[in-house]
Amino acid sequence: MSAAAELDLPEQTAAERVRSLLAQAVSLSLTTHGQDYDLIGMHSVGSKGQITLHPQADTPLVAQVATAPRGSLAALLEFTDIAPTALRDRVRARVTISGWLAPSGDSEALRLDLARVTLRTATGTYEVGLDEYALAQADPLAVEEAAMLTHLADAHDDMVTDLLLRSGTSLPYGVQRTLPLAVDRHGLTLRCEYREGHCDLRLLFPATARNAVEAGEQVRRLLTTPPPSPRCGHRPRRWSSLRG
């Protein structure tokens, strides 16, 4: 599916979603020829999306790159977007980035020369062009999203219930639990869980939020001014394809 294939409701583009995920990520899985690595706190992302790994000097990864033909090592990086709230199915998206690892010239750091960027979500698989990726920016709420969602779930569960009731959307019968799933500059998404499966309910903010403070104000506005029906919808989603 093309990255240009956007959903009906305003939300991040595929490239923005990737950059937002990378802005949040503290770990990644790395696959090279014959080796798998789980790296925690060992990467950085530049303003144009440049990915640099910072392994310790005596690791097998550094040795692999040093002995690779033509000085670069084919690599596949995977980043997993996990919802911070206690949902039944917490995987929201996966990003895979392929390319070649080579010494960056900065001590033992390794740069990744990108070849391909792919985003997988419940709605499909999106190939993100390298220029789109480089030019995109993370959502302004990306870094604070986890704290915002956990605070909403832990301290304001009554607000979550009110948002559901005031959304004006007719959900299928049998909702057992509702928790915040995601928030970005455009709106808040609630996960409505059933005995089997779930629906995701997206509530658009009356105005775009530029930071966490404005996002909080927009959530309060949703409680007093329910959005019109085109701004709110539910989509059945099953995440089995994103597990493992």
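The values are calculated or read from the model by the stated rules, or taken from the named source; none is laboratory data. Remember, it's a predicted structure, so these values are computed and weren't measured experimentally. Here Cβ is always computed from backbone atoms with ideal geometry, including for glycine, and neighbour counts include all displayed protein chains. Heads up: the accessible areas ignore ligands, DNA and RNA and are worked out on the full protein's heavy atoms, side chains in. Shrake-Rupley method; radii C 1.70, N 1.55, O 1.52, S 1.80 Å.
Things worth noting here:
- In the chain, the longest principal axis of the Cα atoms and the axis of helix 212-224 are about 20 degrees apart.
- Solvent-accessible area of Arg92 with every protein chain in place, 1.4 Å probe, in Å² to the nearest 10: 10
- Comparing Leu73, Leu181, Leu22 along the charge dipole axis of the chain, the residue lying farthest to the positive side is Leu181, per the Cβ-charge model.
- 0 to 90° range, to nearest 10: angle between helix 145-155 axis and the chain longest Cα axis: 40
- The gain in end-to-end length when the Thr225 to Ala25 segment is fully stretched comes to 68.6 nm, 0.36 nm per residue minus the alpha carbon separation.
- Each label was represented as a point 7 Å from its Cα along the Cα-to-Cβ direction; for Asp131 and Ser98 these points are 2.2 nm apart.
- Between 0 and 90°, nearest 10: helix 14-24 axis offset from the chain longest Cα axis: 80
- GNM top mover of Ala155, Ala93, Ala23 - the chain, alpha-carbon springs below 10 Å: Ala155
- The value of relative contact order for the chain, using C-alpha pairs under 8 Å at least six residues apart, is 18 percent.
- Probe 1.4 Å, accessible area per residue of region 79-139, Å²: 44
- When the surface is traced with a 1.4 Å probe over the full set of protein chains, Ser27 keeps roughly 50 Å² accessible.
- Counting heavy atoms of the protein chains alone, His186 has an accessible area of about 40 Å² for a 1.4 Å probe.
- Within region 82-99: backbone nitrogen closer than 17 Å to the Met159 label point (7 Å, Cα to C-beta): 84-86
- Taking every DSSP helix (H) stretch of at least 4 residues in the chain, weighting each as -39,500 (n - 2.57) and dividing the sum by the residue count yields a mean residue ellipticity at 222 nm of -7000 deg cm²/dmol.
- Candidate values (i) 32, 18, 15; (ii) 37, 17, 16; (iii) 40, 19, 16, label of the one derived for semi-axes √(5λ) of the Cα gyration tensor in Å: (ii)
- Full-stretch length increase - Asp113, Asp58 - with 0.36 nm per residue and alpha-carbon distance subtracted: 17.6 nm
- On the principal axes of its alpha-carbon atoms, region 101-223 has extents of 56, 34, 25 Å, going from largest to smallest.
- Remark: accessible surface ordering of Val45, Val213 (largest first) is Val213, Val45, probe radius 1.4 Å.
- Full extension of the segment from Ala146 to Thr13, taken as 0.36 nm per residue of separation minus the current Cα-Cα distance, would add 45.9 nm.
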